[in-house]
Amino acid sequence: MSTSSETKPLRPAQETGLLSWLGTTDHKRIGVMYFFTTLVFFALGGAESGLLRAQLAQAEQNLLTEEIYNQVFTMHGITMVFLVIMPLSAAFFNYLIPLMIGARDVAFPRLNAFSYWVYLFGGIFLYSSFLLGGAPNGSWVGYAPLASDSVSNMGFYAIGLQILGISSLAAAVNFIVTILNMRAPGMTFMRMPVFVWMALVTNFLLLFAIPVIAVALFMLQFDTLFGAQFFQPGSGGDPILYQHLFWLFGHPEVYIMILPAMGIVSEILPVASKKPLFGYAAVVFAGAAIGFIGFGVWAHHMFTSAIGPVARSAFALSTMFIAVPTGIKIFNWVFTMWGGKLKFTTPMLFSIGFVSMFTIGGLSGVTHAIVPHNAQQHDTYYVVAHFHYVLFGGALFGLIAGIYFWFPKVTGKMMSEKLGKLHFWTWLLGFNLTFGPMHMSGLLGQPRRTAVLPGELGSTVELYNLLSTAGVVVLTGSALVFLYNLLHSIKRGEESGLDPWDARTLEWLTASPPKHHNFDKIPTVTHRDEFWHRKYAEDESGMPISVPAGASEDHDGEDDPDEHIHMPDNSLWPFIMCIAFLPFGYGLVFLNPWLFGLGVLWMVVGYFGWIVEPLAEGDDDDVPDDVHDRPTVGATTH
Amino acid sequence: MAADVQATTLGLDHRKLAMWTFLGSEFLFFGAFVSAYLLYITTTAGGPGVEIFDIPFTSISSFVLLMSSLTMVLAHNAHAHGDLRRMRLWILATAGQGAVFLGGQVYEFTTFYNEGLNMTQSPFASSFFVLTGFHGLHVFVGILMLLSLYALSLTGKVKANQDVKTEMIGLYWHFVDIIWVVIFTVVYLIPEIAVL
Ligand code: HEM
Ligand SMILES: [Cu+2]
């Protein structure tokens with residue numbers, strides 16, 4: 001309501017300082033917090049991988065004990081999957097989705113803050129296990145009954161992932177509603193940027209995959225902590241059930257990790273090629289198809305488990321089938337570049353890196369799908385090579401491309417192109433040096449998840465391992481270049497101007513960094529690649545020609561005295577409430593009813609604080625007197 | 001219906017769309033537990049199996065839960081007409097029936113326990129207790145939401161024109177009921193008939 005600025009604010013309203021971050025509900029700030037948090041976890045996960053590679057640099061080494069090695073590789077996997085790739089994608093979702101669909105925030109800004117804080121505390125909870133009796137040591141898949149064995153530390157795993165799942169689930173609901181329900185006028189489904197499409201598919205995958213792993217983890221937790229018998233063969237329990245549940249989540253999960261990066265690359269390639277995306281509809285359709293088929297291939301992770309020949313054949317077929325939509329996308333990317341005016345900027349280099357490295361990973365994936373082949377490869381370093389080519393060479397390259405590409409949007413400055421290119425080439429080199437040789441050592445029989453490299457595998461395998469370790473050194477240097485470039489550019493980067501890349505989508509229509517309310521006036525969309533169409537018309541031969549200046553910016557509105565833009569207030573409740581996950585989790589792991597009770601109580605109090613918190617802008621369903629001046633699509637008020 | 005202040009792309013209130021989305025996720029949650037139960041239905045490790053169920057007793061508590069969906073509808077109906085007083089009455093009735101159902105579940109669990117069925121005994125027992133236990137937890141959360149709706153409508157935080165709040169909790173409550181119908185049929189009735 002228009003009076004809210006005059007009366008004393010009912011909810012925290014700081015715009016700078018610590019409290020402004022703890023209480024923020026601005027999707028852009030939350031995106032930035034996600035981003036920096038993932039950097040910290042990436043450093044931790046990277047350090048762990050350094051330990052692993054140090055141990056494996058030579059055969060029969062004992063730098064780490066076997067127990068520590070198990071903890072380190074388990075935490076490395078959990079960190080990279082759940083604390084780096086997924087939340088880094090969430091950082092992009094947060095920052096970009098509202099801007100790209102022409103909205104002022106997400107549908108539920110406080111729930112959005114909640115997702116972030118749950119993620120942060122979930123990560124802290126997992127890492128605290130190092131100090132509290134040992135980190136999880138049964139691998140990121142946590143197979144039972146090994147994981148429920150008395151020597152395992154998998155209680156932290158079962159509960160930590162559960163907490164992180166809550167974060168992802170809340171975010172999924174939020175983003176799905178935002179994308180479906182808050183698009184600017186004219187932004188039909190087939191005009192949405194591909195990144196938004198991939199975000200939509202990813203969040204549906206999360207929505208349906210998370211409950212399945214939640215069930216698997218609950219069963220594991222009950223087995224581990226309360227003596228239930230779900231996976232205990234002694235009383236007839238079936239360990240294969242755990243594998244089914246885990247991979248029913250786990251395979252969609254790999255697409256949860258790759259689709260956002262595919263979306264990012266699908267935005268960057270057209271910009272850097274000065275051409276629209278080749279076959280927009282095919283890319284979107286392939287993304288959706290991957291989403292569906294992704295739920296029907298899980299047992300390809302279990303070809304060597306007792307699932308029977310019929311299941312093996314069926315899942316081999318479906319797995320080969322899922323490579324088809326993936327291949328479609330690769331062709332679309334290549335044809336987007338074909339004949340374009342390519343500009344090899346850093347984001348473009350990383351995008352091309354993505355396409356090529358991901359293709360290698362996809363091809364080794366198809367070899368896994370051949371059952372007899374798989375029997376040879378399963379649990380060897382060949383599989384490790386495969387999933388690093390899709391996750392590191394794929395997802396991470398794509399996400400880094402996105403960092404370079406949208407850095408000017410977030411900060412109004414450019415990252416250094418020189419350092420960016422140095423980063424790219426060393427990154428590419430280090431990556432291939434680290435993971436390329438694993439194909440070979442794996443095919444020669446090097447087992448995965450094994451603390452000591454057996455000397456009997458011979459000197460060729462030892463050489464490959466030494467190369468891998470050398471690759472990590474290159475990667476570390478490269479990461480430092482990136483970090484320096486990032487931090488330095490935040491402070492001293494060159495001004496980027498409004499449209500440094502000659503971009504195509506709505507987020508570039510507004511200021512960089514965008515104002516709190518994103519758009520002064522919500523744009524009306526008439527084209528796919530709306531921003532591009534505001535800048536260029538076509539001559540008779542179809543070549544783009546610039547429209548005279550002035551058409552592209554979003555600067556009406558500000559001088560319209562009647563417009564009131566209502567942005568959601570800050571709130572500390574999501575933060576306060578999420579602290580409860582610590583006592584809650586510890587209470588469960590250590591079977592301490594007091595801590596557990598404290599956590600539950602705290603959560604309930606936080607929940608009530610949340611729902612009774614006053615809404616300075618007026619209650620959701622009140623019809624304010626100025627309703628006619630309100631933007632038709634914007635942030636809601638809760 | 002309360003006026004939708006801000007038009008949405010699909011014309012559906014954000015909160016309702018969110019609740020539907022969330023419930024879609026919940027279906028898979030219970031689906032996975034029910035599948036595990038069916039897998040283990042005869043894996044009793046020598047302990048009691050499905051014959052332990054007391055169908056008449058559970059039918060009655062199921063009936064109470066089903067009826068609570070009716071009072072939930074009445075509560076929303078009252079709220080939609082701006083009648084907070086009647087809305088509160090029906091809300092209390094709904095929560096009360098939910099509590100009766102939970103009481104029945106506690107009684108049932110203790111009886112089974114005394115008859116020698118406990119969670120650590122067999123995969124069958126684990127999957128039975130954990131599945132129905134999680135359903136009970138959902139009912140419990142529903143009761144909490146109903147009671148807070150009741151309390152907040154007294155303090156004026158929930159207003160007469162905000163029936164979308166009652167509707168949302170209603171959506172959740174009906175979902176929990178529907179899941180129970182599935183559980184009652186698949187977990188109790190069909191195996192019992194098959195055994196007889
Ligand atoms: C062309 C599509 C793909 C095919 C045909 C494929 C196939 C497979 C198969 C059959 C396995 C099991 C190997 C074994 O353990 O014996 C596997 C493992 C794996 N894949 Fe893929 N994959 C594909 C794409 C991807 C993508 C896009 C990602 C992630 C971004 C991914 C991540 C993984 C991971 C993490 C594992 C190892 C899981 C573990 O055991 O810890 N894959 N893949
Ligand atoms: Cu898979």
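With every protein chain left in place and a probe of 1.4 Å, what is the accessible surface of residue B:144, to the nearest 10 Å²? Its heavy atoms expose roughly 70 Å² to the probe. Over the residues of region B:14-195, compute the C-alpha Rg and express it relative to 2.2 N^0.38 Å. Cα-based Rg divided by the globular estimate yields 1.13. For residue B:157, the lysines whose Cα comes closer than 17 Å to its Cα, not counting residues fewer than 8 places off in the same chain, are B:165. Here the spin labels are modelled as points 7 Å beyond Cα on the Cα-Cβ line, and at residue B:42 and residue A:188 they lie 5.6 nm apart.
Between residue B:113 and residue A:443, the C-beta separation translates, for a Förster distance of 60 Å, into a calculated FRET efficiency of about 0.65. Backbone amide hydrogens, once placed in the peptide plane, bring residue A:536 within less than 5 Å of A:547, excluding anything fewer than 5 places away on its chain. Translational diffusion of region B:33-119, estimated by Stokes-Einstein from the Kirkwood radius over alpha carbon pairs at 37 °C in a medium of 0.692 mPa s, is 216 µm² per second. Take the Cβ atoms of residue A:527 and residue A:311, set R0 to 30 Å, and the FRET efficiency comes out at 0.05. With respect to chain A, whose longest principal axis is taken over its alpha-carbon atoms, helix A:239-273 is tilted by about 40°. Measuring gaps between exposed loop sites in chain A (GluC sites (Glu not before Pro); DSSP loop; at most 15 other Cβ atoms within 10 Å), the longest gap, sites not included, is A:61-493. What angle do you read, to the nearest 10 degrees and between 0 and 90, between the alpha-carbon axis of helix A:346-369 and the longest principal axis of chain A? Long axis of A:346-369 versus the principal axis of chain A: about 40 degrees. Taken over the alpha carbons of the protein assembly as shown as equal point scatterers, the Debye sum produces base-10 log I(q)/I(0) values at 0.09, 0.11 Å⁻¹ of -0.94, -1.38. Go ahead and collect, in residue order, the members of region A:435-470 whose backbone nitrogen is under 13 Å from a label point 7 Å along the Cα-Cβ direction of residue A:61. Under cut-off, by backbone N: A:451-454, A:462-470. Dipole of the protein assembly as shown computed with +1 at Lys/Arg Cβ and -1 at Asp/Glu Cβ about the Cα centre; of A:203, A:227, A:330, farthest Cα towards the positive end is A:330. Distance between the 7 Å Cα→Cβ label points at residue A:494 and residue A:611: 5.5 nm. All alpha carbon pair distances within region A:1-112 were sorted into 5 Å bins beginning at 0; the resulting P(r) in whole percents reads 2, 11, 14, 14, 13, 11, 9, 7, 6, 5, 3, 2, 1, 1, 0. Average accessible surface for the protein assembly as shown: 38 Å² per residue, computed with a 1.4 Å probe over protein heavy atoms with every protein chain in place. Counting other Cβ atoms within 10 Å, keep those with at most 16, restrict to DSSP loop, and tell me which GluC sites (Glu not before Pro) in region B:37-125 are left. Listed in order of number, the matching sites are B:115. Placing B:38, A:64 in order of accessible area, with the largest value first and a 1.4 Å probe, yields B:38, A:64. Simple point charges give the picture: +1 on the Cβ of Lys and Arg, -1 on the Cβ of Asp and Glu, and for the protein assembly as shown a dipole about the Cα centre of about 1240 debye. Region A:12-89 and region B:120-143 have Cα centres lying 35 Å from one another. For the set A:274/A:413; B:16/B:159; A:409/B:16; A:329/A:515; A:421/A:515, the pairs lying more than 28 angstrom apart at their alpha carbons are A:409/B:16; A:329/A:515; A:421/A:515. Quick check: the angle from helix B:123-155's long axis to the longest principal axis of chain B, C-alpha only, nearest 10 degrees? Taking Cα atoms only, the helix is inclined about 20 degrees.
Between residue B:81 and residue A:343, the modelled label-to-label distance comes to 6.5 nm, taking each label 7 Å out from Cα in the direction of the beta carbon.
The values are calculated or read from the model by the stated rules, or taken from the named source; none is laboratory data. Treat the numbers as computed from the prediction; the structure is a model and nothing was measured. Here the Cβ is made from the backbone with ideal geometry for all residues, glycine too, and neighbour counts use every protein chain on show. Accessible surface is based on the protein model in full, side chains and every heavy atom, while ligands, DNA and RNA are left aside. Shrake-Rupley method; radii C 1.70, N 1.55, O 1.52, S 1.80 Å.
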